[in-house]
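One structure is given here, and the rest of the page talks about it.
The values are calculated or read from the model by the stated rules, or taken from the named source; none is laboratory data. The structure presented is a predicted model; accordingly, all values stated were derived computationally and were not measured. Cβ: placed from backbone, ideal geometry, glycine included. Neighbour counts: every protein chain shown. Accessible surface is based on the protein model in full, side chains and every heavy atom, while ligands, DNA and RNA are left aside. Shrake-Rupley method; radii C 1.70, N 1.55, O 1.52, S 1.80 Å.
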Amino acid sequence: MRDKAALMSVNSFGHLFRFTTWGESHGPAIGAVVDGCPPGLALDEGAIQPFLDERRPGQSRYTTQRQEPDAVRILSGVFEGRTTGTPISLMIENVDQRSKDYREVAAAYRPGHADYAYDAKYGLRDYRGGGRSSARETASRVAAGAVARRVIPEVAIAAYVVEIGGDAVDPARFDPAEIARNPFFCPDAAAAARWQGLVDGARAAGSSLGAVVECVATGVPAGWGAPLYARLDADLAAAMMGINAVKGVEIGDGFAAARLRGEDNADPMRPGEDVPEFLANHAGGIAGGISTGQPVVVRVAFKPTSSILTPVPTITRSGAASQIRTKGRHDPCVGIRGAPVVAAMMALVLADHKLLHRGQCG
């Protein structure tokens, strides 16, 4: 059982490799503190910045036009380019806030957003960009995820968008090189071309679209994870569900597995040279909460952005009927920039489970 302090820490995640994020969307800065990182790993800002650049806003017309450099600073835990084993503090300054855009949000709740829920819980809320509920917070996770990747150099992680607004990629056209060639992190060039019109249309209509992100980690050895209460798949699901705007997570075949027969859902095995040879990967690389050595596959569903220009019925803080349209700069499809965040959470969970496995099994 975790200690009482851990149970009360609602801003932290992880067991041995643990991180805590801090800051608000329109505060002076956001950041993360990473604890439990092994000493002696090479780390500097240059190892973190490329991952933040992938997530950075304002890089295309398909994302929010907020202009944030997202330049990370390492404040502690690194000496002469190596981790020291002490807490690593990371800071990213906010430089392009426009809090005046949220005056209406101060008086009324945005349906689909966390405005009312935060007010109900705390009795007050930071309405400027949503405060802690803003997707701005995910930059901190991406920075922490970059540190986690130094712990698992044997693992390669790729995250990409496979569906926007109900329009999915064609698996037969999957091209890994295409992911970096378009603003959608899309592995299908034809789908990316279609999505331009979809996202432009949603923005022009004052609306937004949902998306599905798939993430695959290769190189994960068999044995990471644990039965029952520290399952690798359960921790992955918790990590992904903790991302802003995420409403669903699948491991392997996910919900499709419920429509298969037992023999179709099995992952047949044959003798291999050193490890078994699997003939399928319906389980997504995890069985009984423990990695099998196959690629770990996760799919994450992002809802449409709740901050939209289309007027939506709501109530004011005093309970009066009203309407609201959210001004400001928002992603017409938050799932696009969700791909680097999903990859970061994958790295953070795998780093944690590598250390847990090493601690128990040597």
- Item | Residue that is surrounded by the most Cβ atoms within 10 Å (Cβ to Cβ), among those in the stretch 11-26 that are in a strand (DSSP E or B) and in contact (Cβ under 8 Å) with a residue 60 or more places away in the chain | 19
- Task: Could you look through the stretch 189-220, keep only residues that are in contact with a helix residue (DSSP H, G or I) (Cβ under 9 Å, 6 or more places away or on another chain) and without any contact (Cβ under 8 Å) to a residue 24 or more places away in the chain, and pick out the one that is farthest from residue 351 (Cα to Cα)?
- Result: 190
- For residue 301, state whether it is within 17 Å of the chain's Cα centre (by Cα) and among the hydrophobic types (A, V, I, L, M, F, W, C). yes
- Message: I need a count of the residues in the stretch 36-54 that are assigned to a helix (DSSP H, G or I) and in contact with a helix residue (DSSP H, G or I) (Cβ under 7 Å, 6 or more places away or on another chain).
- Response: 5
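Do the conditions hold for residue 223, that is, is it in contact (Cβ under 8 Å) with a residue 60 or more places away in the chain, in a loop (DSSP other than H, G, I, E, B) and open to solvent by less than 30 Å² (accessible area, probe 1.4 Å)? Before you say what the answer is, go through the steps one by one.
Working: in contact (Cβ under 8 Å) with a residue 60 or more places away in the chain: yes; in a loop (DSSP other than H, G, I, E, B): yes; open to solvent by less than 30 Å² (accessible area, probe 1.4 Å): yes.
When the stated conditions are applied, residue 223 passes them.
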- Item | Some residue of the stretch 193-215 being assigned to a strand (DSSP E or B) and either surrounded by fewer than 16 Cβ atoms within 10 Å (Cβ to Cβ) or more than 20 Å from the chain's Cα centre (by Cα) (or both) | no
- Query: Which pairs have Cβ atoms under 9 Å, sit 6 or more apart or on different chains, and link a residue in the stretch 262-279 that is open to solvent by 60 Å² or more (accessible area, probe 1.4 Å) to one that is of a type in the set (Val, Ile, Thr)?
  - Reply: 276/292
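Does residue 244 qualify as being within 21 Å of the chain's Cα centre (by Cα) and either under 20 Å from residue 155 (Cα atoms) or assigned to a loop (DSSP other than H, G, I, E, B) (or both)? Show your work before the answer.
Values: within 21 Å of the chain's Cα centre (by Cα): yes; either under 20 Å from residue 155 (Cα atoms) or assigned to a loop (DSSP other than H, G, I, E, B) (or both): yes.
So residue 244 fits the description; yes.
Matching residues to (1) among the β-branched types (Val, Ile, Thr); (2) in contact with a His (Cβ under 9 Å, 6 or more places away or on another chain); (3) in contact (Cβ under 8 Å) with a residue 60 or more places away in the chain:
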| residue | (1), (2), (3) |
| --- | --- |
| 326 | yes, yes, yes |
| 333 | no, no, yes |
| 337 | no, no, yes |
| 345 | no, no, yes |
| 353 | no, yes, yes |
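Which strands (runs of 3 or more DSSP E) sit wholly inside the stretch 285-327 and have at least 2 residues that are farther than 23 Å from residue 212 by Cβ and open to solvent by 50 Å² or more (accessible area, probe 1.4 Å)? Quick ask: steps written out before the conclusion?
Numbers: elements: 296-302, 312-315, 321-324.
Result: 312-315, 321-324.
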- Item | Scan of the stretch 138-179 for residues that are touching a residue at least 40 places away in the same chain (Cβ under 8 Å), within 30 Å of residue 38 (Cα to Cα) and not in a helix (DSSP H, G or I), ordered by number | 152, 154, 155, 156, 157, 158, 159, 160
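Residue under question is residue 249, and the condition is that it be touching a residue at least 60 places away in the same chain (Cβ under 8 Å) and either surrounded by 13 or more Cβ atoms within 10 Å (Cβ to Cβ) or of a type in the set (Ser, Thr, Tyr) (or both); does it hold?
Details: touching a residue at least 60 places away in the same chain (Cβ under 8 Å): no; either surrounded by 13 or more Cβ atoms within 10 Å (Cβ to Cβ) or of a type in the set (Ser, Thr, Tyr) (or both): yes.
Considered against the rule, which asks whether it is touching a residue at least 60 places away in the same chain (Cβ under 8 Å) and either surrounded by 13 or more Cβ atoms within 10 Å (Cβ to Cβ) or of a type in the set (Ser, Thr, Tyr) (or both), residue 249 comes out as no.
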